[in-house]
Amino acid sequence: MTSPRLVFLPLLLSCSALAGADEGEQAFTAPEALTEFTTRDEELGEENPSLPRIRLEIWLRGGGLGSTRVKKGPQYNAHMIQLHRDTHVPRIPVFGFRAVAEIRFHEDWSLGAHLTAALLKGPKRTLHYRGVSLQGRTLAPQRSRTSVEMTFAQAFVRRVFRDNARIRLSFGAGVSWISFRLRIRNRDQRSDGRIQDVLAPSIGYFFSFRLFEHLAVWVESTNALISPMRFPSYATEARAGLRFPFGAFEFAAGVGVSSAQLEDVRELWGGEKPPATYRWRRASWTLVTLELGMSVRF
């Protein structure tokens, strides 16, 4: 029979070796394969960054303006302007920018805002042979310059569901402001009309998935579907593309589609004829853009 001393002797020697190891010396070395697996898992696991954490983005945009309709002015002379037909302004090129600022102040929550603007300036073109009525003025069918400005801004709070090296996903709500401005001028006359509205609540999300070390796909959307004062006004924006992360910086490219309608139910489906003092404020448009941007997170 084997002696009990011989059975426990190797165990006692191992414990003595561990106890005798220097404080700064590693007493047990994990296999390299296990270490590599653990490191990769940590890289793809949830981040625990020092908060607050800030994200800043700037984008340059270029594209074309789709079907656009405007009616702005008093009842006695306002009529619907179909932009491309009546002012002969071209659909392209539209240039603009987008700026984003977001601060993650809590492990699960962030606050932010974005401002998107676009401008279309047309060359001198002869207006519709019947003239164009805007802001109470009827502009004669002369050679005129027409410009269009579109602005979409939102302040939001979002719930951060994932934010790691592989996946970024957040969803939230906020308040949006939308504006459409039409300016027409010639040697004798000029007119300037702006239509704007506040929409709340507006909902939005951001999703990014990293395919490779320096390549990710992303999609982002904002939907402002309710206007408390001018139902059924709405504004939507959808964007998607590729991101190229390099540490704290990301370079990105994408395509965006946005549309808006600023109207009132009384203007859409009629009813009693409005009084002569009534002022029309209607605009609807669609915009398609290609975008290049840069983002930094710190």
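The values are calculated or read from the model by the stated rules, or taken from the named source; none is laboratory data. Only a predicted model underlies this, so the values are computations on that prediction, with no experimental measurement involved. Don't worry about glycine lacking a Cβ; one is built from the backbone with ideal geometry, like all the others, and counts go over all protein chains shown. Accessible surface is based on the protein model in full, side chains and every heavy atom, while ligands, DNA and RNA are left aside. Shrake-Rupley method; radii C 1.70, N 1.55, O 1.52, S 1.80 Å.
At a glance:
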quantity: The range 201-259: GluC sites (Glu not before Pro) in DSSP loop, at most 10 other beta carbons within 10 Å; calculated: Glu213
quantity: Stretch gain in nm, segment Thr126-Ser67, where the contour uses 0.36 nm per residue and the Cα spacing is subtracted; calculated: 19.3 nm
quantity: Lys/Arg +1, Asp/Glu -1 at C-beta; the range 208-287 dipole; positive extreme among Phe209, Phe246, Ser258; calculated: Ser258
quantity: Rounded to whole Hz, the Karplus (6.51, -1.76, 1.60) HN-Hα couplings of the range 194-205, x for glycine and proline; calculated: 10, 10, 9, 7, 10, 10, 7, x, 10, 10, x, 8
quantity: Per principal axis, descending, Cα span of the range 69-215 in whole Å; calculated: 60, 34, 19
quantity: Per residue value of the accessible surface for the range 219-279 (all protein chains in place, 1.4 Å probe), Å²; calculated: 53
quantity: From phi via Karplus (6.51, -1.76, 1.60), per-residue ³J(HN,Hα) for the range 274-287 in Hz, x at Gly/Pro; calculated: x, x, 5, 7, 5, 10, 7, 9, 10, 7, 8, 7, 9, 9
quantity: With every protein chain in place, the range 196-298: carbon and sulfur % of accessible area (1.4 Å); calculated: 71
quantity: Other-chain or far-sequence residues with amide H under 5 Å of His79's (modelled H); calculated: Lys72, Ser133
quantity: Whole-Hz ³J(HN,Hα) from phi, Karplus 6.51 cos²θ - 1.76 cosθ + 1.60, for the range 96-112, glycine and proline x; calculated: x, 8, 9, 10, 10, 9, 9, 10, 8, 8, 9, 4, 10, 9, 9, 10, x
